[in-house]
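The values are calculated or read from the model by the stated rules, or taken from the named source; none is laboratory data. Quantities reported herein were computed from a predicted structural model and do not represent experimental measurements. Don't worry about glycine lacking a Cβ; one is built from the backbone with ideal geometry, like all the others, and counts go over all protein chains shown.
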Amino acid sequence: MAWIDISVMAIALAILCAWLVVALLLRARRSQRRFEILGSVAAISKSSDSLADTFEKICDILVPEIADFCMIDVFEDGEPKRVAVRAAPGGRPAVEQGLKERKPSLPERMLRGEGGSLEPRFYGRMAESDLRELAHDDGADLDFLRSLGMRSALTLALQARGQVKGTLTLAVAWSGRRYSRDDLRFAWILSGRVALTLDNSGLFADLERAEAARAEIAETLQRGLMPPPLPHIPGWSLAAMYRPAGAENEVGGDFYDAFPVADGWMLVIGDVTGRGARAASITALARYTLRTAAALTNDPQIALATLNRALLARHDTSLCSIAALTLSDDPRQPVRMAVAGHLPPLLVDGEEVHEATGSDQVLGAFADGEWRIAESRVEPGQQLVVTTDGIVEAEGEGGRFGEQRLRSELAGAGNPAGAVQRLEGALRAFTADTLDDDVAILAVARSAGGAVPTALAGGV
């Protein structure tokens, strides 16, 4: 029977060797993946993203790869400020929002920079006593922490230039995972890489001053790019409105303009991709390219093609939607229109509202794009109204403002000033005066009796 014992031992040894090989392969794969994560975090510091985008990208790398949810907090005037939260799918609803609104519960030693401030806080197996230690009270906050179902969590200091400037918190819950001491060692290395990335992004240089400077530059660009009040155009009546989104009035991509061309005027309204200084630079390019091309050719089709080439020459993802209207010195002549990826102008005729033309390709997307010229007569009592998509996409308790609501509000509007005021009032009521995107409106009609019209321009 000795040969049977030897066979059993050989099989057992083969199984053990196979298990060891699999374990080593899994460990090597995990180590390789961890190096890739560190490399991805480091690569963020080479980009020119804003601090907010940097926070978001770091969270995207960490969740759900190594955490079910993570938080980044920074210290300002000795107090923690939560700047980023990310939660993986699978948890209960509103986890991410709850973590955003919750006051951070951080180790006092990290917050005060006392001895041991760099020592991680590690909960390998989260217990009720741990939750009570983290909770700000024994009521709602403790209940919220219980609802997360945390199994393991760790908080690591983010140190830069010899000082703890913030923390990174990682936790696992609904995925069923737990953190080990090996995970803690990797997280320690990870926190150093995150701190370096944030330092290179300008966070620890002076977060508030950096953001304030960017906001000031954006606001200056915005005010410099917005047009002066609309001109007096004999035979025509004009009205316009521009409202930036948000309390910070960061420059967005919406704009309108009016300038003379041969035998008339050109009105343009547009929207460029992005926000901030980059959007301002594209807006400037769009406005002045259109002005120059239209002045030389008096042709909105050529003006759009010229701007399209200018955008493609940037070799980035700059896109621009434009509606261009050419008014003749003789208001009896039809308005010539070219629309590129923009909401079409609406012809308002009493209670009837319909599109005056269609829309062609957005600018900056295709080198071989073509834009048609359409004509629309504006008879006395009629008007053309064109808006940016910020109004139809505005969110309120009833969902989106939408194109149907836009047309309903315009029905019966007797003149451009009335149309703009009616839309602005409806938008304020629908959104409770809170916008997620910029809004611009431009309206034009023949003036009564051919007299020199009055113009209305919305404030910046």
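In segment 333-356 there is at least one residue matching the filter, namely being basic (Lys, Arg) and either outside any loop (DSSP other than H, G, I, E, B) or on the phi > 0 side of the Ramachandran plot (or both). If the condition is being surrounded by 11 or more Cβ atoms within 10 Å (Cβ to Cβ) and outside any helix (DSSP H, G or I), then segment 128-137 contributes Ala135, His136. Taken as a whole, segment 147-157 holds no residue that is assigned by TED's automatic domain parsing to the domain that holds Gly176, in a loop (DSSP other than H, G, I, E, B), out of contact with any helix residue (DSSP H, G or I) (no Cβ under 7 Å at 6 or more places or on another chain) and of a type in the set (Val, Ile, Thr). When segment 315-359 is filtered for residues that are in contact with a Lys or Arg (Cβ under 6 Å, 6 or more places away or on another chain) and without any contact (Cβ under 8 Å) to a residue 60 or more places away in the chain, the ones remaining, listed by number, are Pro334, Val353. For segment 396-446, a residue qualifies if it is part of a strand (DSSP E or B) and farther than 14 Å from Tyr242 by Cα, and the qualifying residues are Gly396, Gly399, Arg400, Val444, Ala445, Arg446. Is it fair to say Ala440 is surrounded by 14 or more Cβ atoms within 10 Å (Cβ to Cβ) and either aliphatic (A, V, I, L, M) or touching a helix residue (DSSP H, G or I) at 6+ places or on another chain (Cβ under 7 Å) (or both)? Spelling it out, Ala440 is indeed surrounded by 14 or more Cβ atoms within 10 Å (Cβ to Cβ) and either aliphatic (A, V, I, L, M) or touching a helix residue (DSSP H, G or I) at 6+ places or on another chain (Cβ under 7 Å) (or both).
Against the test of being touching a residue at least 24 places away in the same chain (Cβ under 8 Å) and of a type outside the set (Val, Ile, Thr), the options Ala429, Ala419 yield a single qualifying residue, Ala419. Residues in segment 260-286 that are in a helix (DSSP H, G or I) and in contact with a helix residue (DSSP H, G or I) (Cβ under 7 Å, 6 or more places away or on another chain): Gly276, Ala277, Ala280, Thr283, Ala284, Leu285, Ala286. Looking only at segment 421-435, residues that are among the β-branched types (Val, Ile, Thr) and either closer than 8 Å to Ala394 by Cα or touching a Phe, Trp or Tyr at 6+ places or on another chain (Cβ under 6 Å) (or both) come to 1 in all.
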